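Below: the structure, in structure tokens.
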Amino acid sequence: MHRLLRLGLTACAALLLAACASTPQRLQPDSTRAMLSNDVLFGAISLVGTPYRWGGDTPEGGFDCSGLVDYVFRTDAGVDLPRTSIAMSRLPDRRVESGQLEPGDLVFFATDGGGVSHVGIYVGKGRFVHAPDTGGTVRLDRLDNPYWHSHFLYGKRVLR
């Protein structure tokens, strides 16, 4: 009887161990993108109020637009981006129009009358986080603001 009980307990233990060792479910790509997007959004919004500094790329030293974007994506999503807004705009990732933007997309602007000269991070509901100008701070603005609307070029989806 003891032998039968021990055999039964051994079988139960083996089943429990097998269940613990089973392969966990993989996240679907959309789920992974959503998680990374949330991390990027929280990271970007947490930096609102950080002083602007041309060439800046740390919370302690301040940010310029591309320094902010690079810092947030590298720190919060593990994505290395080029250092300048122009180089970011040349990434082979998919371009998106303003009506197709999703949280975590990059948004590009022509603020100097030419090509790409500014970048921010779209956070949803028509808003984006960016480091706009000398003397200012990282802030949240609306794409439908007349200035930003007239200077918007396109978005880029770099999170996959």
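The values are calculated or read from the model by the stated rules, or taken from the named source; none is laboratory data. Everything numeric in this text was worked out from a predicted model, so none of it was measured. Quick reminder, even Gly has a Cβ in these numbers, built from the backbone with ideal geometry, and neighbours come from all protein chains shown.
The residues on offer are Ala87, Ala11, and the sole one that is small (Gly, Ala, Ser), modelled with pLDDT under 95 and either over 19 Å from Ile121 (Cβ atoms) or surrounded by fewer than 17 Cβ atoms within 10 Å (Cβ to Cβ) (or both) is Ala11. In the set Val116, Val107, Val96, only one residue is in contact (Cβ under 8 Å) with a residue 60 or more places away in the chain, among the β-branched types (Val, Ile, Thr) and on the phi < 0 side of the Ramachandran plot; that residue is Val96.
Is the range 32-44 home to any residue that is farther than 19 Å from Leu106 by Cα, in contact with an Asp or Glu (Cβ under 8 Å, 6 or more places away or on another chain), modelled with pLDDT of 95 or more and not polar (S, T, N, Q)? Show your work before the answer.
Of the residues in the range 32-44, the ones farther than 19 Å from Leu106 by Cα are none.
No, the range 32-44 contains no residue that is farther than 19 Å from Leu106 by Cα, in contact with an Asp or Glu (Cβ under 8 Å, 6 or more places away or on another chain), modelled with pLDDT of 95 or more and not polar (S, T, N, Q).
Kindly establish whether Asp133 is touching a residue at least 24 places away in the same chain (Cβ under 8 Å) and of a type outside the set (Ser, Thr, Tyr). Yes: the conditions hold for Asp133.
The set of residues in the range 29-48 being within 16 Å of Arg127 (Cα to Cα) and either buried (at least 19 other Cβ atoms within 10 Å of the Cβ) or in contact with a strand residue (DSSP E or B) (Cβ under 8 Å, 6 or more places away or on another chain) (or both) consists of Ser37, Val40, Leu41, Gly43, Ala44, Ile45, Leu47, Val48. Exactly one residue out of Pro103, Pro132 is surrounded by 16 or more Cβ atoms within 10 Å (Cβ to Cβ) and in contact with a Gly (Cβ under 7 Å, 6 or more places away or on another chain): that is Pro103.
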